[in-house]
Amino acid sequence: MLRVLIADDEMPARAELKYILSLLEDTEVVGEAADAGQVIAAADELRPDVIFLDINMRGMDGLEAAKIIRRVAPQAMIVFATAYDEYALKAFEIGAMDYVLKPFDEGRIRKTIDRIQRYQPEDEVALLEDAAKPAVSAEIQVHKLPVEKNGKIMMLAYDEILYAYASLGTVKIVIEQEEIEYHGSLLELAERVKGTHLLRVHKSYIANMDKVKEVIPWFKGTYWLKMVDGGKEEIPVSKSRIKAIKAILGLK
């Protein structure tokens, strides 16, 4: 049974989400909060498994509240529930489990709860540990990725991939001038391409290290990657990956 805390400064939004969660098995709403102070206190007192957290609340916003919740209730998985999609990257950088948009859709909430129930924290730790080790395999590896496009299965060469990213419950593969949806998780994709030039550089991103055009130093020793033509985004690098990536790119 997942114990859920809902935080939103609008009562109708809390009621709507509470109703949808009541339709799902193995979920129990144990509390509600109308602002950041209330949700931080409730997280500390109730120790929920999951917190559905609005971003635009009165006073302190949900992104800042999430950082404090990480300290007072580290066991809680955070799902940002908001009407705005422009905060998705910041949300996943904080370590959000998911990001759902208003108005709430029952199917989308079901997908989020299912993902949370199947989540294994040790998978993420194991992936980061494995990524730091040299890849050794005696088996033949085909460096192509099967993706579905226009009703056909297209074999996409790894060298064609600029980067891949997770967004709102889906994974997108970015090649030159095009994005293709990958029917799997970013974790599964990272495992498949392990030992190639495609490297998990952030919780939400895999980048082709042969396609890095620029490395942009940023705040507090962090970095962003700019890819060659076709890559429109600047890709964040997790602090835990900076040392390995600098070594791969020959940076001091």
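The values are calculated or read from the model by the stated rules, or taken from the named source; none is laboratory data. Please read all numbers here as calculations on a predicted model, not as lab measurements. Backbone-built Cβ (ideal geometry, glycine too); neighbour counts: all protein chains shown.
A compact table of results
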quantity: Tally of residues being assigned to a loop (DSSP other than H, G, I, E, B) and at pLDDT below 85 across the stretch 141-188; calculated: 11
quantity: GLU25, sole failed condition from (1) in a loop (DSSP other than H, G, I, E, B); (2) charged (D, E, K, R); (3) surrounded by 16 or more Cβ atoms within 10 Å (Cβ to Cβ); calculated: (3)
quantity: Tally, over the stretch 53-88, of residues that are over 18 Å from LEU2 (Cβ atoms), surrounded by 17 or more Cβ atoms within 10 Å (Cβ to Cβ) and touching a residue at least 60 places away in the same chain (Cβ under 8 Å); calculated: 1
quantity: Which listed residue is surrounded by 15 or more Cβ atoms within 10 Å (Cβ to Cβ), under 18 Å from the mean Cα position of the chain (by Cα) and not acidic (Asp, Glu), from LEU162, LEU187, LEU168; calculated: LEU187
quantity: Residues of the stretch 211-251 that turn out to be within 13 Å of GLU93 (Cβ to Cβ), small (Gly, Ala, Ser) and at pLDDT 85 or above, as a count; calculated: 1
quantity: Hits in the stretch 174-187 (condition: within 18 Å of LYS226 (Cβ to Cβ), touching a helix residue (DSSP H, G or I) at 6+ places or on another chain (Cβ under 8 Å) and not acidic (Asp, Glu)); calculated: ILE175
quantity: Test: residue in the stretch 211-227 that is among the acidic types (Asp, Glu) and surrounded by 15 or more Cβ atoms within 10 Å (Cβ to Cβ); calculated: no
quantity: ARG200 crowded, with 16+ Cβ neighbours inside 10 Å and part of a strand (DSSP E or B); calculated: yes
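Residues checked against (1) more than 18 Å from GLY169 (Cβ to Cβ); (2) part of a helix (DSSP H, G or I); (3) in the same structural domain as LEU187 (by TED's automatic domain parsing):
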site: ARG14; (1), (2), (3): yes, yes, no
site: VAL39; (1), (2), (3): yes, yes, no
site: ASP44; (1), (2), (3): yes, yes, no
site: ASN56; (1), (2), (3): yes, no, no
site: GLY59; (1), (2), (3): yes, no, no
site: GLU64; (1), (2), (3): yes, yes, no
site: PRO103; (1), (2), (3): no, no, no
site: GLY107; (1), (2), (3): no, yes, no
